[in-house]
Amino acid sequence: MGNHALLSASSSHRWLNCPPSARLGENYEDRGSDFATEGTDAHSLCEHKLKTVLGIPSEDPTENLTWYNEEMEECASGYAAYVLELLAEAKKVTTDPIVLIEQRLDYSKYVESGFGTGDCVLIADGTLNIVDYKHGKGVEVSADHNPQMMLYALGALEMFSILYDINEIQMVIFQPRIENISEFSMSVSDLLDWAENELKPKAELAAKGEGEFCAGEHCRFCKVKAACRKRAEYNLELARYDFEMPANLEDTEIEVILSKADELAAW
């Protein structure tokens with residue numbers, strides 16, 4: 001599979017909503033972007049900062065980071081400080097909590113060849129913490145039922161549920177450039193229910209390139225979006241408002257149009 005899973009955690013929001021997009025995207029080159037490179041640099045610095053405050057040997061990567069600047073330095077330091085706060089809380093209930101940094105997490109029990117890399121995983125009796133750093137500032141990311149975080153949690157449970165009695169999952173998105181720290185908790189039983197009844201069936205469709213195409217905000221980072229017929233139909237349906245404007249719009253209609261205007265313009 002190389003360094004990236006077909007059904008990766010980072011792209012799960014897309015393939016869960018539009019299963020056939022995963023296989024279709026295999027035929028398109030991943031060109032990358034400056035934003036992606038900047039995010040990679042930020043993650044490297046975050047890893048170094050966190051290891052340093054935990055007393056783990058780490059080589060300072062700054063001289064090799066293309067996008068390094070003072071803001072990135074402050075963001076990475078803030079991330080490390082936040083994880084230290086979580087660790088301090090964990091030590092109140094567990095004498096030896098585990099902290100894993102840039103940990104490969106395998107969730108292939110539910111998703112064919114599925115794996116991802118968790119920025120930080122903190123395990124203590126009763127609670128599993130998953131922390132994901134986001135350097136972007138264009139889109140605010142929520143931890144609430146975030147599928148990427150839930151997949152990471154499934155991978156961590158596979159590794160540690162035998163050693164620790166975990167009942168609750170605490171998921172955190174740390175997005176400092178827009179002052180967004182999004183936290184969400186769910187029970188292990190609810191996570192496993194989602195995995196069996198929603199995740200697994202959709203992942204099976206995605207692995208086969210089957211299922212229904214579905215356009216929406218999840219198309220933002222899809223490699224196929226420029227040529228996707230379903231997305232074209234979706235946006236042309238919205239565009240009809242430009243040509244068939246009713247005499248009076250209800251407030252609810254206006255809200256719908258405005259909520260999708262940016263996506264239409266991008267298309």
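Listing for the model above:
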{"read-out": "Residue match in region 175-196 (condition: part of a loop (DSSP other than H, G, I, E, B) and open to solvent by less than 60 Å² (accessible area, probe 1.4 Å))", "value": "no"}
{"read-out": "Unmet requirement for residue 137, which otherwise passes all of (1) open to solvent by 60 Å² or more (accessible area, probe 1.4 Å); (2) on the phi > 0 side of the Ramachandran plot", "value": "(2)"}
{"read-out": "Region 112-142, residues that are over 18 Å from residue 86 (Cα atoms) and not acidic (Asp, Glu)", "value": "113, 114, 115, 116, 117, 135, 136, 137, 138, 139, 141, 142"}
{"read-out": "Selected residue (criterion: nearest to residue 134 (Cα to Cα)) from residues of region 63-80 that are within 25 Å of the chain's Cα centre (by Cα) and polar (S, T, N, Q)", "value": "77"}
{"read-out": "Residues located in region 44-63, provided they are surrounded by fewer than 13 Cβ atoms within 10 Å (Cβ to Cβ) and touching a residue at least 12 places away in the same chain (Cβ under 8 Å)", "value": "56, 60"}
{"read-out": "Selection status of residue 74, farther than 30 Å from residue 206 by Cα and touching a residue at least 60 places away in the same chain (Cβ under 8 Å)", "value": "yes"}
{"read-out": "Count of residues meeting criterion [closer than 16 Å to residue 40 by Cβ, in a loop (DSSP other than H, G, I, E, B) and at pLDDT 95 or above] in region 118-150", "value": "2"}
{"read-out": "Subset of region 156-174 [of a type outside the set (Asp, Glu), modelled with pLDDT under 95 and not in a helix (DSSP H, G or I)]", "value": "161, 162, 163, 164, 166, 167"}
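The values are calculated or read from the model by the stated rules, or taken from the named source; none is laboratory data. Because the structure is a prediction, the values reported are computed rather than measured. Note that we place each Cβ from the backbone using ideal geometry, even for glycine, and neighbour counts take in every protein chain shown. What goes into the accessible areas is simple: the full protein's heavy atoms, side chains included, and nothing from ligands, DNA or RNA. Shrake-Rupley method; radii C 1.70, N 1.55, O 1.52, S 1.80 Å.
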